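Student: One structure, as structure tokens, below. Some questions next.
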Amino acid sequence: MRRLALLLGMLAMMPMSLFAATLFKMGQAEIITEDYQLAAWNNVKYVNYIPGELLTVTLSYAYVSDAPISLIGISQRMPMPFTPNGTKGVIAVVEQTADSITFQVAFTQFKGKGKKLKGVSHLDLIFDLGADYDGDGANDILKVGVQVSASTASTP
Ligand SMILES: [Ca+2]
């Protein structure tokens, strides 16, 4: 009993920085045309975020197409890579595989002050569709918008 009480006491004293943000929700984009179908995870919401905390995000995708679709990479939306205006952050790609990309994002500055701060990182997944559907002599490129949001509260 005494050991348990001691353990609970230690847990209560742990600084908040030891606890990571939690994933609240993930959403998927589905693009369907007569030539191909592509589904990509593109909307990720975190809660209980601590400003400056590094989030590691993996977005996977799948497709049905006669042409091989490949992911060229991910880029920040320009202008306004972070919203609301006044939000700042950093992005770095960690790993890319045949069907996913992993990157890290940290929100370093939020707009305003208070108990609930929220920022959104806007990015684009850039795909090579593997075929020249529009006949301009080059493989068509498809951009799929991505949003990664972080809230310092327990709700998005
Ligand atoms: Ca083309």
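Where a number appears in this text, it was derived from the coordinates with a stated rule and is not lab data. Keep in mind it's a predicted model, so treat the numbers as computed, not measured. Don't worry about glycine lacking a Cβ; one is built from the backbone with ideal geometry, like all the others, and counts go over all protein chains shown.
Student: What's the center-to-center distance, using Cα atoms, between region 53-78 and region 116-132 in Å?
Tutor: If we compute the Cα centre of each part, the gap is 8 Å.
Student: Further question on the same structure: Sequence neighbours fewer than 8 away in the same chain don't count; with that in mind, list the lysines whose C-alpha is under 23 Å from Lys111.
Tutor: Counting by Cα, and skipping residues close in sequence, Lys111 has these lysines nearby: Lys25, Lys45, Lys88.
Student: Cross-link partners among aspartates and glutamates for Lys143, C-alpha distance below 13 Å, same-chain residues fewer than 8 apart left out?
Tutor: Here the aspartates and glutamates satisfying the reach criterion relative to Lys143 are Glu30, Asp124, Asp128.
Student: Would you work out which of Pro79, Val64, Leu142 lies farthest towards the positive end of the dipole of region 19-151? Charges go on Cβ: Lys and Arg +1, Asp and Glu -1.
Tutor: In region 19-151, that residue is Pro79.
Student: Kirkwood Rh over alpha-carbon pairs of the chain, then Stokes-Einstein at 4 °C and 1.567 mPa s: what D in µm² s⁻¹, rounded to an integer?
Tutor: Calculated translational D: 74 µm²/s.
Student: Moving on to the next point. Specify which residue in the list Ile91, Leu117, Ala106 is farthest towards the positive end of the charge dipole of region 19-151, using unit charges on the beta carbon of Lys, Arg (+1) and Asp, Glu (-1), about the Cα centre.
Tutor: Farthest towards the positive pole: Leu117.
Student: Using the Cα centre of region 19-151 as the reference point, and only Cβ charges (+1 on K/R, -1 on D/E), how large is the resulting charge dipole? Debye, rounded to the nearest 20.
Tutor: 1520
Student: Count charges around Ser151 for me, please; just the other residues with Cβ under 10 Å from its Cβ, Lys/Arg as +1, Asp/Glu as -1.
Tutor: Values: positive: Lys45, Lys116, Lys118; negative: none.
That sum, taken over residues with Cβ under 10 Å, equals +3.
Student: Compute the long axis of helix 2-13 from its Cα atoms, compare it with the longest principal axis of the Cα atoms of the chain, and write down the angle in degrees, 0 to 90, nearest 10.
Tutor: That works out to roughly 60 degrees.
Student: Can you tell me the order of 102-113, 142-153 when each peptide is scored by its average per-residue count of other Cβ atoms within 10 angstrom, highest first?
Tutor: Going by the mean number of other Cβ atoms within 10 Å, highest first, we get 142-153, 102-113.
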